[in-house]
Amino acid sequence: MDYRPPISVEEELRMLAESHTAKAPPRIERVEIKDCVFWIKRPERLNLRYRLQKGDPRAAFERERMAFHEMNAARAPVPELCAEGEDFIVLPDCGKDLRYLLHVEESDTARRELLLESARTLGRFHGLGFSHGRPSPKDMCLSDSGVVMLDFERYRHKNNTPKGQARDLVVFAFNVIAHSPRAKGFLKDAVAAYREVAPSGTWELAQDWCSKMRWAEWFAKPAQWRKGGHGREFKAVPDLFDLFLQRA
Ligand SMILES: Nc1ncnc2c1ncn2[C@@H]1O[C@H](COP(=O)(O)OP(=O)(O)O)[C@@H](O)[C@H]1O
Ligand SMILES: [Mg+2]
């Protein structure tokens, strides 16, 4: 009789990821295999205009793959790659993202703790020498093993420096102010939690960067009256400077 051994989860993931190549596959896909959830991520398909704006999506995909290899080897707070191929990587499900949780969590105490834990995670990640490139609660998830970071398409070795980490801290705070209004009141405490575990000096570098960038506030002013989308981001600028320049 023709006996075929049961295929492993990894083989099944690979088949699933590769079976899409003929069609236009989704960039991010949530799949379930044997009661386990996984996420398949593929290179972004961009038209010429977006390629010019956002850069080569293939290079971004390779940056992310390299990031996972290096960060898994360093046991950084990121999910472990489950499978990979030329055009895909597969990650385990890491739970809900922090932006969502900060939005739906009703308890102030729990919301504060979520933000502090995400800041500590960024601090530990920096402590290992890495820098994310554009960290945001949207790219952090609350997994069974704690908060993990995702989305490394902007990962670059040249940013794995105190300066790159300082910029990460500013961008993280900016994203909280702009997109997680229910959590921004806890940012001061979150920065303190970050500083307890992060390399020393990052906060001071972030402050320097903000004092040099203060002029950006003037550009942001008229736009503060705009509604939604980018308006929200422009409006975040004064709060960001208040936080880093300790004006409030
Ligand atoms: N392994 C995962 N576990 C849970 N959610 C995930 C996972 N991978 C991606 N996601 C969800 O998909 C979203 C987009 O994935 P991400 O890697 O950030 O791609 P993009 O480059 O499009 O931002 C994330 O913000 C998160 O909500
Ligand atoms: Mg993302």
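Miscellaneous remarks
- Note on the chain: GNM, Cα springs under 10 Å; of GLU106, GLU233, GLU84, the largest mean-square fluctuation is that of GLU106.
- GNM flexibility winner over the chain from SER136, SER118, SER19 (Cα, springs under 10 Å): SER19
- Stokes-Einstein translational diffusion, the range 9-92 - Kirkwood Rh over all Cα pairs, 0.692 mPa s, 37 °C, in µm²/s: 240
- Solution diffusion estimate, µm²/s, Stokes-Einstein, the range 98-244, Kirkwood Rh from C-alpha pairs, 10 °C, viscosity 1.306 mPa s: 103
- Taking 4.7 Å between C-beta atoms as the pairing limit, the chain has these partnerless cysteines: CYS36, CYS82, CYS210.
- For ALA83, the residues 5 or more places off, or on other chains, whose built amide H falls under 5 Å of its own are VAL90.
- Amide H contacts of ALA76 (H built 1.01 Å from N, in plane; Pro and chain starts excluded): no residue 5 or more places away or on another chain comes under 5 Å.
- The Cα trace of the chain gives Rg and Dmax of 19.8, 77 Å, the first to one decimal, the second as a whole number.
- Using alpha carbons only: equivalent-ellipsoid semi-axes of the range 37-167, gyration tensor based, whole Å: 25, 17, 16
- Derived scalar couplings between HN and Hα for the range 186-194 equal 9, 5, 4, 5, 5, 5, 5, 5, 4 Hz in order, rounded to whole Hz, by the Karplus curve 6.51 cos²θ - 1.76 cosθ + 1.60 (θ = phi - 60°), x for Gly and Pro.
- Shown for the chain: lysine pairs separated by 8 or more places, or found on different chains, whose C-alpha atoms are under 17 Å apart, numbering 9.
- For the range 98-244, the dipole from Cβ point charges (+1 on Lys and Arg, -1 on Asp and Glu) about the Cα centre works out to 600 debye, to the nearest 20.
- Rounded to the nearest 20 debye, the dipole magnitude of the chain is 1400 debye, with +1 charges on Lys and Arg beta carbons, -1 on Asp and Glu beta carbons, and the Cα centre as origin.
- Protection proxy ranking for 139-148, 164-173, using the average of other Cβ atoms within 10 Å per residue and placing the highest first: 164-173, 139-148.
- The chain: angle of helix 108-127 to the longest principal axis, Cα-based, in degrees nearest 10: 80
Read-outs: derived from the displayed coordinates by stated rules, not from any lab. Only a predicted model underlies this, so the values are computations on that prediction, with no experimental measurement involved. A quick note on method: Cβ atoms are made from the backbone with ideal geometry, for glycine too, and the neighbour counts reach across all protein chains shown.
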